[in-house]
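The block underneath contains the structure these notes are about, expressed in C-alpha cells.
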Amino acid sequence: MQADKPVNLILNDFGHQQYDDEPKIPARRSEIAVKIFDRIFNHMFRQYFTSVRVKNKQHYYLRNVDYANLFYGYHGCWWDGPLAALICRNLYKCNLHMMIKDLYRFPVLSKIGAFSIEKDSMQGKLKAINYTARLLENPENSVWIFPQGRLVPLDQRPVKFESGIAHISNRLKGLNLIPIAYKYTFLQNAKPEIFVEIGKPIIVEEEIKDKKEFLKKLQQDFEMLLDKQSEEILQEKFKEYKCILFNDFNWIHMVEKNFKPIIRKKF
C-alpha cells in the first residue's frame, strides 16, 4: 500500500514551508552540507578512535536494487548517528536520510538528510512513518532508523523493536531491510576501535499480515547478529574485518618509540 501524498502547505516551528503531514523537521538535504559534515565526522572518528573495521561489506550487494534500503541498528550512544553516516555514505555512497528523535536540538542536521519524529504523540509517529515511506518509494534513497526507539545498552536483552519498521515495510511494494551490528571496544591502543558487521538484507515484497511475528523474527535475528559479533570480538577473531579508517598515532606509542633506546642505554 502506498502512502498518501501530502496536499497542504503550512509554516513549521522554524518558519519554513512544509506539507502538513510531514514531521516538524523534514529533511532538506544540501550536497554542500553533506560534504562538510562528512569531513567533520571523518575527522572526529580519526581523532577519537584508532580504527573502524567492517565485516561482510559484500552483503549490501545482495539487496534488490529495484527497492530502497532501510538500514537499522541499535542505539547505545551518541556516536551511532555519525557512524551510520560513515557506513552508508563513505562505504556505499548512499543517498542517506535518518530518523532522529531529538532533532530539534540540532536542526541543522536536516541539511544532511535527518528528519524528526515526535514520539510523544500518535500523530507525530504516524507522520514520521508516512514520511519515511515516501522517501523509500524512490529506490535511490536509503533511510537509517533505530527501531528500539530509545538509547539502549548494547548488552540489554531481549532486543525489543517498536512497530514502526513493520508499518513502513507495509507501505511499500518492496523494501530492503539491512541490519547493522557494531561494537565500540578497547583493545591494545589508547583509543577504542569500532567493529561493524553488515547483515544480510531481508527483502520484503509481500504484505506483512502478522506484524507481531514479523517483529519477533527481526528481533531474534538481530539479537543473534549482535551476540555472534560480541563473541567473535571476545575471541579476537578479527581476520574477516577490513579496516576503512585507521589512526594509530597516540602519545604513549610516540614516547615509547623515542625514549626506549635512551632508557636501554642508561640502564
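For the pairs LYS173/LYS217; LYS183/LYS239; LYS119/LYS211; LYS57/LYS125; LYS173/LYS212; LYS160/LYS191, note any where the Cα-Cα span goes beyond 24 Å. Table pairs above 24 Å Cα-Cα are LYS57/LYS125; LYS160/LYS191. Per-residue ellipticity at 222 nm, computed for the chain from helices alone with -39500 (n - 2.57) per DSSP H run of at least four residues, works out to -10500 deg cm²/dmol.
Computed over the Cα atoms, what is the radius of gyration of segment 9-266 divided by 2.2 N^0.38 Å, N being its residue count?
Values: Rg = 20.2 Å, N = 258, 2.2 N^0.38 = 18.1 Å.
Compactness ratio reported: 1.11.
Between 0 and 90 degrees, the angle of helix 211-234 with respect to the longest Cα principal axis of the chain falls at about 10 degrees.
Using the Karplus relation 6.51 cos²θ - 1.76 cosθ + 1.60 with θ = phi - 60°, the per-residue 3J(HN,Hα) values for segment 169-177 come to 4, 6, 8, 10, 6, x, 7, 9, 9 Hz, with x marking Gly and Pro. Of all aspartates and glutamates in the structure, the ones whose alpha carbon falls short of 17 Å from that of LYS228, not counting any fewer than 8 places away in one chain, are ASP155, GLU197, GLU236, GLU240.
Hey, if you drop one equal point scatterer on each alpha-carbon of segment 12-144 and run the Debye formula without solvent, what base-10 log of I(q)/I(0) do you get at q = 0.10, 0.20, 0.23 Å⁻¹? Summing over Cα pairs of segment 12-144 leads to -0.34, -1.30, -1.57.
Against the main long axis of the alpha-carbon atoms of the chain, helix 251-266 sits at an angle near 10°. Residues whose amide H comes within less than 5 Å of that of MET98, counting only those at least five positions distant or on another chain, are ALA114, PHE115, TRP144 (H built at 1.01 Å from N in the peptide plane). Taking amide H as placed 1.01 Å from N in the peptide plane, the amide H of ARG63 sits under 5 Å from none that are at least 5 places away or on another chain.
The charge dipole of the chain, taken about its Cα centre with unit charges on the Cβ atoms of Lys, Arg (+1), Asp and Glu (-1) only, comes to about 1160 debye. For the chain, CYS77, CYS243 stand unpaired, since no other cysteine beta carbon lies under 4.7 Å from theirs. Modelled label positions at CYS243 and HIS43, each set 7 Å beyond Cα in the direction of Cβ, lie 2.3 nm from each other.
Each value in this text was obtained by applying a stated rule to the coordinates, not by laboratory testing. Computed from a predicted model, the values in this text were never measured in an experiment. Every residue, glycine among them, receives a Cβ derived from its backbone with ideal geometry; neighbour counts consider all protein chains shown.
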